[in-house]
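Visitor: Shown below is the structure under consideration.
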Amino acid sequence: MKKYGPFLLFLLIVIFVYTLKLIAEYEEEVPVWEYVLSEDQESYLIKAYSGDEESITIKETFNKKPIIGFHQDFVMPFRIKSLTLSVNLEQFNLDNNYNIYINNLVIPENSKLKSISCSTRFERSSFELMYVPKDTSLCVNSFLGNNSIKTFDVHPDNIYYTAVNGVLFNKDISELIYFPSQYESKEYIIPLSVTSILAEAFFEQLSLDSLFISESVTSIGEYAFAFSNIETITFSPLTTIHNPGNYIFREMKSMKHFDVPDSVTELYGTFSDSYIESVAFGENSQLTTIGHTTFQSTRMLKELTLPKSLTTIVQTPFNGSAIEVLNIQSNLTHFSNNFMSGMSNLIELNFLEEQSNLFYENGIMTINQGKDIIFYLPQDESVTTLYIDDQVERIHDYVIHNRSNVMNYEVDENNPYLKSLDGVIFSHDLTQLLYYPPSNTSISYQVPDGTVHIADFDYVYRLQSLMISESVETIGSFAYTNLESVVFLGESKLEVIPTYAFRQTKLMEIVIPKSVKVIGYGAFDDTPLESLEFEEGSLLELIEPEAFQDSLLKTVILPPNDITIRSKAFYSDYLKYVYIPIEVTDLEENVFNNTTEIKFYLEESFLIEELNLPTFKSIILVNQTVEDFLEAIDE
């Protein structure tokens, strides 16, 4: 025995070491759970999981107390593909998870689950069956965008829901709550017990080709069929529905034709962004109101005839539509002044009933006894001059937004309100520049002396250079134009450069007049601006948020004033050098991009922490004069 003693001892040591190694490896592979006590200290919540398994089962207890839900900080790892809930889990509330990527969800038949929160999103999950236990209430938002569920299965004693052939209803089957996105049949008829189709019930429905809505349905929630692939939706001839929910057919790609039931009285946003090709109203249509965005951005709808019952059009129902021919068979008694706005594809407009509140002749639509022009549809695109007769007092801004053929305005000499000068419309006393023709061929324009106010230059694309006379005190917006140069002449009286004034123009340089006290929100946002100069004696007091955001400025020298500069005013990846005089007193946080290396030159010793200057990758140089600064950046 003694002969084998050393060998046995060695063998035991080897076995012991190997066993420790196995234990260590086993412990590394065991899923690691972290729990926290609930508020009543009688149960646990899952705070974290850091195991490597793709398939996990939630334990029923920890330290002999039930595990009832997830802590608000819990994050479901993307690697988990299969999840089995325990019987004790009462709350499925993944508040800190945008999406859950599981393809197998197992809920025990006798589960104590009480709720699935709206913050628990199954949009990216791919399980096909959704089981609803006895005491569970759902949030439909949890399933929006899910493209995999084929059927719902509800416990027979659930007090909230019933599943009929896989479709989720309320308990008495009077409300259709949610229709599975991958329903196995191509056709479906709404049961006669149903009176309401709830909001988003068929949202992103992928499997159905046709749907029949029975006469029992009296209400449909907003976005009910939005983004779905349903090709045909038919209402029973006996339907009495009056006001289908807003945006119910929004961005539907497969439905090409729809017959609006005669009982419908209001449409709001109904076909917005959809691919509908024709919309028909019956002779007995009761429709009275078309609301905002009803036909907005309809890509395929070329012709539309509105019913004889229509009296009211709210805001802009046709904006961005492809409609070329619009027929109005009724007398419109109530409408927004801009109801025709955004109809850039319109070729033919026909009023088949005499109008009491508007007048349409020779392509010009007016209201208020001809004083206000609210729409212009040129009868001949080759005619580039718009004639304004003697009774017109106002041209609404949106009239010519999409009428790029207008090169000149001509105002009747007897008009007491307006006057044209070189094809541009002014107030009769020439103090206000009101309308600049969108297709005027001049690339340069000088605002005449005596002009005090310049209105918006919306949709002016050919003008590249603008000279503003010293008499101008207020200006509108020149945003989204092709302006490359703006020069303020003489001793400017301008005090405010307004919000978005030159946003997304092509300005590369600007000299801010000394009279300017305020530079508005986003005034030069997203321009190729490379040079910014403030006139000597500047009175500047305030630079609003995002005023020079995303410009190409590399250098900024602020004037020596008591200036407040708001958040992201100079937020740009290009900025390299900033000179800040001692007089500048108030810089909000994030005025400059914190991730960009910027050299800040300060005129005197500042309390730097009070200036909210970024510290990440930034260099602060103090006690610098403007001359020092200019010399330094030249080097």
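The values are calculated or read from the model by the stated rules, or taken from the named source; none is laboratory data. Model, not experiment: these values are computed from the prediction. Note that each Cβ is placed from the backbone with ideal geometry, even for glycine, and that neighbours are counted across all protein chains shown.
Visitor: Hey, does the stretch 181-193 have a residue that's small (Gly, Ala, Ser), closer than 27 Å to Leu301 by Cα and surrounded by fewer than 21 Cβ atoms within 10 Å (Cβ to Cβ)?
Guide: No.
Here's the yes/no breakdown for (1) under 21 Å from Ser137 (Cα atoms); (2) among the small types (Gly, Ala, Ser):
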| site | (1), (2) |
| --- | --- |
| Leu37 | no, no |
| Asp40 | no, no |
| Leu45 | yes, no |
| Gly51 | no, yes |
| Ile58 | yes, no |
| Ile67 | yes, no |
| Glu90 | yes, no |
| Asn93 | yes, no |
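Visitor: Out of Tyr461, Tyr398, Tyr435, report the one residue that is closer than 25 Å to Ala523 by Cβ, of a type in the set (Ser, Thr, Tyr) and out of contact with any strand residue (DSSP E or B) (no Cβ under 9 Å at 6 or more places or on another chain).
Guide: On the way: Tyr398 fails: out of contact with any strand residue (DSSP E or B) (no Cβ under 9 Å at 6 or more places or on another chain); Tyr435 fails: out of contact with any strand residue (DSSP E or B) (no Cβ under 9 Å at 6 or more places or on another chain).
After applying the criteria, what remains is Tyr461.
Visitor: A further question on this structure: Looking at Asn345, Asn319, Asn338, which is the one that is part of a loop (DSSP other than H, G, I, E, B) and closer than 26 Å to Asp390 by Cβ?
Guide: Asn338
Visitor: Would you please name the residue that is farthest from the chain's Cα centre (by Cα), looking only at residues in the stretch 584-602 that are among the β-branched types (Val, Ile, Thr) and crowded, with 20+ Cβ neighbours inside 10 Å?
Guide: Result: Val584.
Visitor: While we're on this one: Only one residue in Val511, Val518, Val452, Val486 is of a type in the set (Val, Ile, Thr) and exposed (fewer than 15 other Cβ atoms within 10 Å of the Cβ), so which one is that?
Guide: On inspection, the qualifying residue turns out to be Val511.
Visitor: From (1) in contact with a Lys or Arg (Cβ under 9 Å, 6 or more places away or on another chain); (2) crowded, with 19+ Cβ neighbours inside 10 Å, pick out the condition that doesn't hold for Lys576.
Guide: Just one mismatch for Lys576, condition (2).
Visitor: Next question. Residues that are modelled with pLDDT under 95, of a type in the set (D, E, K, R), outside any loop (DSSP other than H, G, I, E, B) and within 21 Å of Ile633 (Cβ to Cβ): does the stretch 583-603 have at least one? Steps first, please.
Guide: Pass one, the stretch 583-603, residues modelled with pLDDT under 95: 583-603.
Adding the requirement that they be of a type in the set (D, E, K, R) leaves 583, 586, 588-589, 597, 599, 603.
So of that shortlist, the ones also outside any loop (DSSP other than H, G, I, E, B) come out as 586, 599.
Now drop any that are not within 21 Å of Ile633 (Cβ to Cβ), which leaves 599.
Yes, some residue in the stretch 583-603 is modelled with pLDDT under 95, of a type in the set (D, E, K, R), outside any loop (DSSP other than H, G, I, E, B) and within 21 Å of Ile633 (Cβ to Cβ).
Visitor: Mind checking which residues of the stretch 528-545 are among the aliphatic types (A, V, I, L, M) and part of a loop (DSSP other than H, G, I, E, B)?
Guide: Initial filter on the stretch 528-545 (among the aliphatic types (A, V, I, L, M)): 529, 532, 539-540, 542-543.
The answer is Leu529, Leu539, Leu540.
Visitor: Assess whether Ser196 counts as being free of Cβ contacts under 8 Å to residues at least 40 places away in the same chain and closer than 23 Å to Ile290 by Cα.
Guide: Taking the combined requirement at face value, the residue satisfies it.
Yes/no matrix, rows are residues, columns are (1) part of a strand (DSSP E or B); (2) at pLDDT 95 or above; (3) buried (at least 20 other Cβ atoms within 10 Å of the Cβ):
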| position | (1), (2), (3) |
| --- | --- |
| Asp456 | no, no, no |
| Val472 | no, yes, yes |
| Ala547 | no, yes, yes |
| Leu552 | no, yes, no |
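Visitor: Of (1) assigned to a loop (DSSP other than H, G, I, E, B); (2) on the phi < 0 side of the Ramachandran plot, Val511 satisfies all except one. Which?
Guide: (1)
Visitor: Of Ile276, Ile241, Ile230, which residue is at pLDDT 95 or above and under 27 Å from Thr151 (Cα atoms)?
Guide: On the way: Ile276 fails: under 27 Å from Thr151 (Cα atoms); Ile241 fails: under 27 Å from Thr151 (Cα atoms).
Going through Ile276, Ile241, Ile230 in turn, the sole match is Ile230.
Visitor: How many residues are outside any loop (DSSP other than H, G, I, E, B) and under 38 Å from the mean Cα position of the chain (by Cα) when one looks only at the stretch 57-96? I'd like the intermediate steps shown before the answer.
Guide: As a first pass, look at the stretch 57-96 and keep what is outside any loop (DSSP other than H, G, I, E, B): 57, 61-62, 65-70, 82-84, 91-92.
Right, trim to under 38 Å from the mean Cα position of the chain (by Cα) and you get 68-70, 82-84, 91-92.
Number satisfying all stated conditions: 8.
Visitor: Would you mind stating whether Leu430 is at pLDDT 90 or above and either assigned to a loop (DSSP other than H, G, I, E, B) or among the basic types (Lys, Arg) (or both)?
Guide: Numbers: at pLDDT 90 or above: yes; either assigned to a loop (DSSP other than H, G, I, E, B) or among the basic types (Lys, Arg) (or both): yes.
In short, yes.
Visitor: Can I ask one more? Take the residues in the stretch 381-399 that are in a loop (DSSP other than H, G, I, E, B) and modelled with pLDDT of 85 or more; name whichever of them is farthest from the chain's Cα centre (by Cα).
Guide: This residue is Asp390.
Visitor: Still on this structure, please answer the following. Could you list, in sequence order, the residues of the stretch 39-56 that are part of a loop (DSSP other than H, G, I, E, B), hydroxyl-bearing (Ser, Thr, Tyr) and within 39 Å of the chain's Cα centre (by Cα)?
Guide: First, pick out the residues of the stretch 39-56 that are part of a loop (DSSP other than H, G, I, E, B): 39-43, 50-54.
Next, only the ones that are hydroxyl-bearing (Ser, Thr, Tyr) stay: 43, 50.
Within the stretch 39-56, Ser50 is the sole residue that qualifies.
Visitor: Being out of contact with any helix residue (DSSP H, G or I) (no Cβ under 9 Å at 6 or more places or on another chain), hydrophobic (A, V, I, L, M, F, W, C) and within 26 Å of Thr311 (Cα to Cα) narrows it down to one residue among Ile233, Ile220; which is it? Steps first, please.
Guide: On the way: Ile233 fails: within 26 Å of Thr311 (Cα to Cα).
One residue alone meets the criteria, Ile220.
Visitor: Name every residue in the stretch 70-120 that is of a type in the set (Gly, Ala, Ser), touching a strand residue (DSSP E or B) at 6+ places or on another chain (Cβ under 6 Å) and farther than 16 Å from Asp52 by Cα, in order of residue number.
Guide: Ser115 - this is the single residue of the stretch 70-120 that is of a type in the set (Gly, Ala, Ser), touching a strand residue (DSSP E or B) at 6+ places or on another chain (Cβ under 6 Å) and farther than 16 Å from Asp52 by Cα.
Visitor: Which of the residues belonging to the stretch 433-449 are surrounded by 18 or more Cβ atoms within 10 Å (Cβ to Cβ) and part of a strand (DSSP E or B)?
Guide: Leu433, Leu434, Tyr435, Tyr445 - these are the residues of the stretch 433-449 that are surrounded by 18 or more Cβ atoms within 10 Å (Cβ to Cβ) and part of a strand (DSSP E or B).
Visitor: If I ask for residues that are part of a loop (DSSP other than H, G, I, E, B) and surrounded by fewer than 21 Cβ atoms within 10 Å (Cβ to Cβ), which ones from the stretch 231-244 would you list?
Guide: Initially, the stretch 231-244 is screened for residues part of a loop (DSSP other than H, G, I, E, B), giving 231, 236-244.
Residues satisfying the conditions are Glu231, Ser236, Pro237, Leu238, Thr239, Thr240, Ile241, His242, Asn243.
Visitor: Another question, if that's okay. Somewhere in the stretch 408-426, is a residue within 17 Å of Ser341 (Cβ to Cβ) and either surrounded by fewer than 21 Cβ atoms within 10 Å (Cβ to Cβ) or not β-branched (Val, Ile, Thr) (or both)? Working first, answer last.
Guide: Let us first name the residues in the stretch 408-426 that are within 17 Å of Ser341 (Cβ to Cβ), namely none.
Scanning the stretch 408-426 turns up no residue that is within 17 Å of Ser341 (Cβ to Cβ) and either surrounded by fewer than 21 Cβ atoms within 10 Å (Cβ to Cβ) or not β-branched (Val, Ile, Thr) (or both).
Visitor: Which one of these is touching a residue at least 12 places away in the same chain (Cβ under 8 Å), part of a loop (DSSP other than H, G, I, E, B), surrounded by fewer than 21 Cβ atoms within 10 Å (Cβ to Cβ) and under 29 Å from the mean Cα position of the chain (by Cα): Ser254, Ser272, Ser263, Ser216? Before the answer, list the steps.
Guide: Values: Ser272 fails: surrounded by fewer than 21 Cβ atoms within 10 Å (Cβ to Cβ); Ser263 fails: under 29 Å from the mean Cα position of the chain (by Cα); Ser216 fails: under 29 Å from the mean Cα position of the chain (by Cα).
None of the others qualify; the one that does is Ser254.
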